[in-house]
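Novice: Here it is: the structure, laid out below.
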Amino acid sequence: MKIDDIKKSALLIDGEIFFNQSIKNLNWFNIGGKTKIFFKPNSLKGLIDYLKIYESRGKIFILGNGSNVLFNDETFEGTVIKLGKNFKNITLLNKEAIVAGAAVSQKNVSTFAKNNNISGLEFMSCIPGTVGGGIRMNSGCFEKEFKDVLISLQLVDFNGIVRSIPAEKIKFNYRSTELPKDHIFLSATLKGKEKNSVEIKKIINDLILRKELAQPTKIKTCGSTFKNPIKQTDKKVWELIKACVPDQISFGDASISDKHANFFVNKKNAKSADMKSLINFVTKQVKDKTGVKLELEIVLVE
Ligand SMILES: Cc1cc2nc3c(=O)[nH]c(=O)nc-3n(C[C@H](O)[C@H](O)[C@H](O)COP(=O)(O)OP(=O)(O)OC[C@H]3O[C@@H](n4cnc5c(N)ncnc54)[C@H](O)[C@@H]3O)c2cc1C
């Protein structure tokens, strides 16, 4: 890939561009090599200008908080884009709706909604990702997910065309969205219902407590590794893993959390290859012993 044009244009673009940037500290696994280009647009104009210069010169990967991604050990031969400060705005649209930039953390959405007496977005206080990542993954917990609260979505495609899509036009699945991979989400309009903020706070505290009791915290993980195989069995994926895989299994520093068998952990310096060996091992054991074919929830960045 030629990057000379990008180097020449870098000063004109509203954003920060880094070359051969390490990706390790930009994801929750703390895993990965470098990316050829790392671009942090400050504004929509900066993002569109970059897309026009970059055109089809290579791959693009949009990174949110990196709480659901596994990068390779090798250099990513393209651009990783992480939306910067102008994508972190959050505003009240009316008494039951807010508009949040794609780079706003879901936790901040939940807090903002609470402070404005809007209920329905409490589940986001339990998810460590951004609004952009939440839409792409149709993230959710405790029986609520993004599809239940999204009114509309604003996005730009890799050609720099900006569009707004109403939620009814979007096909959501369990932990995925059928929107093309060349769509970069910019912001989302989210709905709730009026409720007293004190009651909302109670709901949030209760959800956080339930989550902390069930799942590990303060470890290098990207949360659930596999989706629950809802079409194949009533069993949760952690139950299948627990029944089929020895607890102490590890490949290098990649291992399984003792609190939640579907949370894979980088104990110290795991490589991407170690984590993939663990993923492949677990997939095979579960398939051989139960016939269930597991599907990844975490996104492999190729
Ligand atoms: C401790 C822990 C607990 C978790 N608990 C839950 C849970 O309860 N429920 C749940 O659903 N998930 C959970 N997760 C997984 C993860 O937090 C969610 O999937 C989250 O929504 C991902 O958001 P992110 O910003 O980190 O996205 P990333 O991990 O950075 O990216 C995930 C995907 O979203 C895409 N993406 C990100 N931003 C954009 C954008 N602006 N435009 C287009 N595409 C974009 C990426 O390209 C990638 O495909 C957990 C993870 C951890 C580490």
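Novice: Please list the non-local residues whose amide H lies under 5 Å from the amide H of Val245, H modeled 1.01 Å from N, same-chain partners needing a gap of 5 or more.
Specialist: When sequence neighbours closer than 5 places are left aside, there are no close amide H contacts.
Novice: Now a separate question. Using a/c under 1.5 as the rounded threshold, could you call the range 64-218 rounded, prolate or oblate? The axes a ≥ b ≥ c are square roots of the C-alpha gyration tensor eigenvalues, and prolate needs a/b larger than b/c, oblate otherwise.
Specialist: Oblate.
Novice: Residues with amide H under 5 Å of Leu300's amide H, sequence separation 5 or more or different chain, H placed in the peptide plane at 1.01 Å from N; which?
Specialist: Close amide H contacts, sequence-distant or interchain: Leu70.
Novice: May I have the pair-distance distribution P(r) for the range 4-85, computed from all Cα-Cα distances with 10 Å bins from 0 and rounded to whole percent?
Specialist: Taking all Cα pairs of the range 4-85, the binned fractions are 19, 53, 26, 2 percent.
Novice: May I ask you to evaluate 6.51 cos²θ - 1.76 cosθ + 1.60, the Karplus curve with θ = phi - 60°, for each residue of the range 277-293 and list the ³J(HN,Hα) values in order in whole Hz, giving x for glycine and proline?
Specialist: 4, 5, 4, 5, 4, 5, 4, 5, 4, 5, 5, 4, 8, 10, x, 7, 9
Novice: Another question, then. With N set to the residue count of the range 216-300, report its C-alpha Rg divided by 2.2 N^0.38 Å to two decimal places.
Specialist: 1.00
Novice: Test of understanding: given the chain, find the longest segment containing no trypsin sites (Lys or Arg not before Pro) that are in a DSSP loop and have at most 12 other Cβ atoms within 10 Å.
Specialist: That gives 3-94 as the longest site-free run.
Novice: Something else now. What ³J(HN,Hα) values, in whole Hz, does the Karplus curve 6.51 cos²θ - 1.76 cosθ + 1.60 give for the range 24-33 when θ = phi - 60°, with x put for Gly and Pro?
Specialist: Values per residue, Gly and Pro as x: 4, 8, 9, 9, 5, 6, 6, 10, x, x Hz.
Novice: Sticking with this one: Once the Cβ-Cβ distance between Leu209 and Phe18 is put in as r, and R0 is 41 Å, what FRET efficiency do you end up with, to the nearest 0.05?
Specialist: After rounding to 0.05, the efficiency reads 0.55.
Novice: Taking the chain, how much of its Cα-Cα pair set, in percent, is spaced more than 37 angstrom apart?
Specialist: The answer is 17 percent, as a whole percent.
Novice: Taking the simple approach of a point 7 Å from Cα along Cα-to-Cβ for both Lys45 and Leu300, what is their distance in nm?
Specialist: Calculated label separation equals 4.2 nm.
Novice: Then there is this: Efficiency by 1/(1 + (r/R0)^6): what FRET value for Glu77 and Arg163, r their Cβ-Cβ distance, R0 = 22 Å, to the nearest 0.05?
Specialist: Efficiency, from the Cβ-Cβ distance: 0.20.
Novice: Please compute the length gained on full extension between Phe281 and Ala243, using 0.36 nm multiplied by the number of residues separating them and subtracting their Cα-Cα distance.
Specialist: 12.3 nm
Novice: Okay, next question. Could you pull out the GluC sites (Glu not before Pro) across the range 86-180 that fall in loop regions by DSSP (anything but H, G, I, E, B) with no more than 10 other Cβ atoms inside 10 Å?
Specialist: Glu143, Glu178
Novice: Once phi is turned into ³J(HN,Hα) by the Karplus curve 6.51 cos²θ - 1.76 cosθ + 1.60 with θ = phi - 60°, what whole-Hz value does each residue of the range 126-139 show in order, with x for glycine and proline?
Specialist: 9, 10, x, x, 9, 4, x, x, x, 6, 4, 8, 6, 5
Novice: Also: Whose amide H sits under 5 Å from the amide H of Leu186, counting only residues 5 or more places off or on another chain, with H placed in the peptide plane?
Specialist: Those qualifying (amide H under 5 Å, at least 5 residues apart or on another chain) are Gln154, Leu155, Val156.
Novice: Tell me the mean residue ellipticity at 222 nm calculated for the chain from its helices only (DSSP H runs of n ≥ 4, each -39500 (n - 2.57), averaged over every residue, nearest 500).
Specialist: -8000 deg cm²/dmol
Every read-out reported here was derived from the displayed coordinates using simple, explicitly stated rules and does not represent laboratory data. Just so you know, these numbers come straight off a predicted model, no measurement behind them. Here Cβ is always computed from backbone atoms with ideal geometry, including for glycine, and neighbour counts include all displayed protein chains.
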